[in-house]
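Please find one structure pasted underneath; my questions will follow.
The values are calculated or read from the model by the stated rules, or taken from the named source; none is laboratory data. Predicted model only: the values in this text are computed from it and were never measured. All Cβ positions, glycine included, derive from the backbone under ideal geometry; neighbour counts span all protein chains shown. Side chains are part of the model used for accessible areas, which takes the heavy atoms of the whole protein and leaves out ligands, DNA and RNA. Shrake-Rupley method; radii C 1.70, N 1.55, O 1.52, S 1.80 Å.
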Amino acid sequence: MAAASTNAPAQRGWYKRNEIAITPWLFLAPAVLFFAVYVIIPIGQSFWISMHQWDGLGEKVYIGTANYERLLGIGDQKIDRKFEVSFWNNLRWLVLYLLAIPMGLFIALFLNQTVRGIRLYKSLFFFPFVISQVVVGLVFSWFYLPNDGLFDVITGWFGIDIRGGVLGNPNTATYGIIAAGLWPQTAYCMILYLTGLNTVDPEQVEAGRLDGAKGWKMLWYVIIPQLKPATFIAFVVTIIGALRSFDFIAVMTNGGPFGSTRVLSFYMFEESLSEFGFRMGYGAAIAVVLFFIMLGFIAYFLYSMWRDDQAAR
């Protein structure tokens with residue numbers, strides 16, 4: 001019995017028994033810690049600050065949901081007109097910014113060729129993505145200059161006169177800024193689709209050809225279904241970019257003319273940190289509303305991807 005117990009293998013420790021399950025979590029731990037400290041905790045702090053009246057320096061005064069009631073016009077409050085304008089501008093950004101996805105796809109299809117000089121063309125289309133958004137905003141501001149800007153010169157050839165210029169007219173300023181934002185965003189979507197096209201299964205393409213699919217049918221039934229991962233990333237990044245479209249507005253119009261180009265992110269900045277702001281609680285309430293709008297869209301796309309994966313199985 002003594003000999004048998006001596007020859008028996010030593011009892012393995014708890015870590016050795018669970019090494020395979022624990023090791024991935026050890027690698028993930030630093031990223032999870034940073035994500036919690038710099039994302040999760042600030043989100044919770046934003047919720048808490050939105051329940052207070054606070055100038056960012058003095059004592060916080062708890063006021064419950066008063067900031068939300070004023071913002072959304074609940075009860076006897078009238079809806080904040082600036083918030084209403086910002087909200088509808090954000091919807092315009094969302095709808096029109098999504099044009100970057102099909103435009104990026106068609107440019108990627110055009111560039112996914114094996115012809116002479118294609119690398120140069122790819123570089124030219126990729127160029128807007130590597131430029132700072134501030135630089136893009138400045139370039140388009142010069143492009144839209146009244147009388148002297150290239151856009152005004154071109155529209156003048158066709159007898160079109162936009163009073164005050166594109167950025168000086170409340171009816172056109174928002175659309176001019178969205179057009180500026182679409183330039184680098186389309187380049188980003190193009191990069192995603194160029195990467196996705198390299199993973200398209202050639203056997204499925206050949207099978208589609210044998211079945212008589214070509215042109216639009218080939219694209220719709222064979223190519224696009226294989227680009228779903230790239231499309232998902234493009235949707236999420238484009239929606240987030242549309243909802244936090246601060247840079248272009250700050251550089252090109254600073255919210256004008258007459259506050260017509262405000263979006264929620266810019267209005268949040270105005271209320272919280274601008275010269276006439278320092279209403280941190282109210283700015284945090286705007287941030288919370290913007291957060292839930294983003295969360296709703298992203299949750300919807302995640303659910304759609306999960307549902308498609310379940311249906312495929």
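Listed residues MET280, MET294; which is at pLDDT 90 or above, open to solvent by 10 Å² or more (accessible area, probe 1.4 Å) and not β-branched (Val, Ile, Thr)?
MET280
Exactly one condition in (1) in contact (Cβ under 8 Å) with a residue 40 or more places away in the chain; (2) surrounded by fewer than 19 Cβ atoms within 10 Å (Cβ to Cβ); (3) at negative phi is not met by ILE249; state its number.
(2)
Of the conditions (1) within 28 Å of THR253 (Cβ to Cβ); (2) touching a His at 6+ places or on another chain (Cβ under 9 Å), ILE63 satisfies every one except a single condition; which number is it?
Among (1) within 28 Å of THR253 (Cβ to Cβ); (2) touching a His at 6+ places or on another chain (Cβ under 9 Å), the lone unmet condition for ILE63 is (1).
Something else about it: Taking into account only those residues within the stretch 49-79 that are touching a residue at least 24 places away in the same chain (Cβ under 8 Å) and of a type in the set (Phe, Trp, Tyr), which is most open to solvent (accessible area, probe 1.4 Å)?
TRP54
If you don't mind, there's one more thing I want to ask. Right, ARG244: more than 22 Å from the chain's Cα centre (by Cα) and open to solvent by 60 Å² or more (accessible area, probe 1.4 Å) or not?
Considered against the rule, which asks whether it is more than 22 Å from the chain's Cα centre (by Cα) and open to solvent by 60 Å² or more (accessible area, probe 1.4 Å), ARG244 comes out as no.
Please indicate, with yes or no, whether at least one residue in the stretch 189-202 is among the acidic types (Asp, Glu), at pLDDT below 90 and open to solvent by 60 Å² or more (accessible area, probe 1.4 Å).
No; the residues of the stretch 189-202 include none that is among the acidic types (Asp, Glu), at pLDDT below 90 and open to solvent by 60 Å² or more (accessible area, probe 1.4 Å).
Just the residues that are under 17 Å from GLN45 (Cβ atoms) and touching a Phe, Trp or Tyr at 6+ places or on another chain (Cβ under 7 Å), please, taken from the stretch 273-307.
MET280, GLY281, ALA285, ILE286, VAL288
Considering each of PHE158, PHE232, PHE143, PHE151 in turn, give the residue that is under 21 Å from LEU243 (Cβ atoms) and open to solvent by 30 Å² or more (accessible area, probe 1.4 Å).
The conditions single out PHE232.
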